[in-house]
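The values are calculated or read from the model by the stated rules, or taken from the named source; none is laboratory data. Computed from a prediction, not measured in an experiment: that's the story for all the values here. Cβ: placed from backbone, ideal geometry, glycine included. Neighbour counts: every protein chain shown. These area figures cover heavy atoms from the full protein model, side chains too; ligands, DNA and RNA do not enter into them. Shrake-Rupley method; radii C 1.70, N 1.55, O 1.52, S 1.80 Å.
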Amino acid sequence: MLDITPTNLYEEIESAERYRDSHLEHYNDVISGYVGPMYGGVDRDQFSPENHVYEYLSLTVPRVIHDNPRVRVSTRRPVSQGAVAKAIEHGLNRWVRDTNVRSVLQRVAYDTLISYGVILTTQVPMPGQDPMSGFKAYWPNCYRITPKRFIIDPVALSVPESRFTGHMWVRDKEDLLEEAKIDPSWNKEVIETLTTSQGMEDSGFEKGRGRDVPERHEVVAYDVWVPEIELKESPGPDFGFHGTIYTVAANEYYGEKDPSKADFIRDPRPYYGPPTGPYSMFGAYYVPDTPYPLSPIMATMGQVDELNDHVRSASASAANYKRLILVDSKSKKLAQDVKSQPHDYVVPVEGLDRDRVIPLELGGITNQQVAYIEMARDRLDRNSGIHDAMRGNVT
């Protein structure tokens with residue numbers, strides 16, 4: 001059984017974060033290339049003339065997510081259960097529209113095509129309820145979890161084999177203390193001792209590019225779902241409860257989070273939901289022996305970089321292009337006539353020797369550069385699945 005003491009669980013979290021960060025090493029570079037040099041203070045040296053990431057996302061996302069999903073419910077007993085199946089179908093489609101699942105799926109589609117997508121499904125109070133009623137109804141709601149805050153068992157060979165999954169979250173310390181006064185599952189004494197976040201890097205983001213913020217007095221913590229542990233008070237799988245959710249945070253020691261100072265800021269609680277857990281992970285391609293999938297953009301980024309390198313080289317050659325006219329240095333009047341006359345003007349010169357006026361071109365794009373750029377672009381289009389019909393060329 002997994003050791004779920006606060007110290008060990010926090011060490012597992014740090015190990016999972018290191019493994020995750022190794023898969024997101026070039027995540028920011030892809031985003032910078034996608035948005036271009038005019039957005040958000042991106043370094044102009046990172047400009048990509050062939051912005052394949054932007055083209056791929058603009059052509060693919062509308063085809064993947066273009067509307068709210070539709071649910072169809074069928075039954076093996078259409079005579080006795082047909083009406084129930086139809087009622088469930090209408091209810092699910094109503095829920096899809098009321099919670100606007102489309103907006104969540106659109107954002108997750110970008111994540112999936114760039115790296116991987118994660119959705120957290122949890123219960124929230126249904127809107128429109130009487131606040132004075134003693135009974136509160138709940139329904140599921142979906143939230144996007146950024147890849148930078150999601151964690152999964154680094155030893156797992158696939159997502160179903162992972163012994164834990166979780167995510168980082170950030171909340172105001174004052175709000176947590178207020179909630180602890182109402183909900184006794186929160187450990188008020190532990191929350192009061194927590195060190196608040198010192199900047200965006202504590203919340204899973206890098207400093208810079210206008211994201212430096214003052215102290216917000218926020219608490220950084222983790223929700224971790226461990227499927228193999230069932231609490232004694234849990235009703236069990238027969239009643240829809242699977243595994244346990246732990247909420248853990250750690251204090252700092254000399255500016256660094258110290259696992260030995262980790263503690264549960266909320267009592268462990270049974271998870272009510274499907275056996276697969278509260279997190280849904282989305283990816284394009286399976287990679288053997290790792291829980292992280294491969295995205296089509298990451299798979300072709302090597303070819304994207306090569307194409308951009310050659311396009312930049314051709315652009316530099318074009319910028320260095322010069323067209324000169326060489327004339328005999330003894331003929332000052334001929335040189336002045338050639339220099340001062342407008343385009344397509346006929347300059348009569350008596351006794352002109354054609355060898356005394358020589359046009360000369362230096363630099364410029366070569367046929368070899370053009371040919372290789374076209375070959376690299378065709379190869380990238382072929383491997384990424386982009387074709388002329390997707391671009392609107394139906395002829």
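In the range 307-330, how many residues are surrounded by 15 or more Cβ atoms within 10 Å (Cβ to Cβ) and within 21 Å of E55 (Cβ to Cβ)? If you could, list the steps in order and put the result at the bottom.
At the first step, the residues of the range 307-330 found to be surrounded by 15 or more Cβ atoms within 10 Å (Cβ to Cβ) are 307-308, 310-311, 314, 327.
Adding the requirement that they be within 21 Å of E55 (Cβ to Cβ) leaves 307-308, 310-311, 314.
Count: 5.
The rows are residues; the columns are (1) surrounded by 16 or more Cβ atoms within 10 Å (Cβ to Cβ); (2) of a type outside the set (A, V, I, L, M); (3) touching a helix residue (DSSP H, G or I) at 6+ places or on another chain (Cβ under 7 Å).
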{"site": "V61", "(1), (2), (3)": "yes, no, yes"}
{"site": "G91", "(1), (2), (3)": "no, yes, no"}
{"site": "G128", "(1), (2), (3)": "no, yes, no"}
{"site": "I145", "(1), (2), (3)": "yes, no, no"}
{"site": "S162", "(1), (2), (3)": "yes, yes, no"}
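Just checking: which of the strands (runs of 3 or more DSSP E) contained wholly in the range 172-291 hold 1 or more residues that are modelled with pLDDT of 95 or more and among the β-branched types (V, I, T)?
So the answer is 218-226, 241-253.
Give the residue, chosen from A249, A262, A284, that is surrounded by fewer than 17 Cβ atoms within 10 Å (Cβ to Cβ), of a type in the set (G, A, S) and touching a helix residue (DSSP H, G or I) at 6+ places or on another chain (Cβ under 9 Å).
A284
Which residues, counting only those in the range 139-165, are in a strand (DSSP E or B) and farther than 28 Å from N93 by Cα?
Correct list: F150, I151, I152, T165.
Within the bounds of the range 97-115, is there any residue that is more than 32 Å from the chain's Cα centre (by Cα) and within 22 Å of T276 (Cα to Cα)?
No, the conditions are met nowhere in the range 97-115.
What about M298, is it at pLDDT 85 or above, touching a helix residue (DSSP H, G or I) at 6+ places or on another chain (Cβ under 9 Å), open to solvent by less than 80 Å² (accessible area, probe 1.4 Å) and assigned to a strand (DSSP E or B)?
Answer is no for this residue.
For residues in the range 310-330 being touching a helix residue (DSSP H, G or I) at 6+ places or on another chain (Cβ under 9 Å) and either in a helix (DSSP H, G or I) or hydroxyl-bearing (S, T, Y) (or both), which is farthest from H343 (Cα to Cα)?
H310
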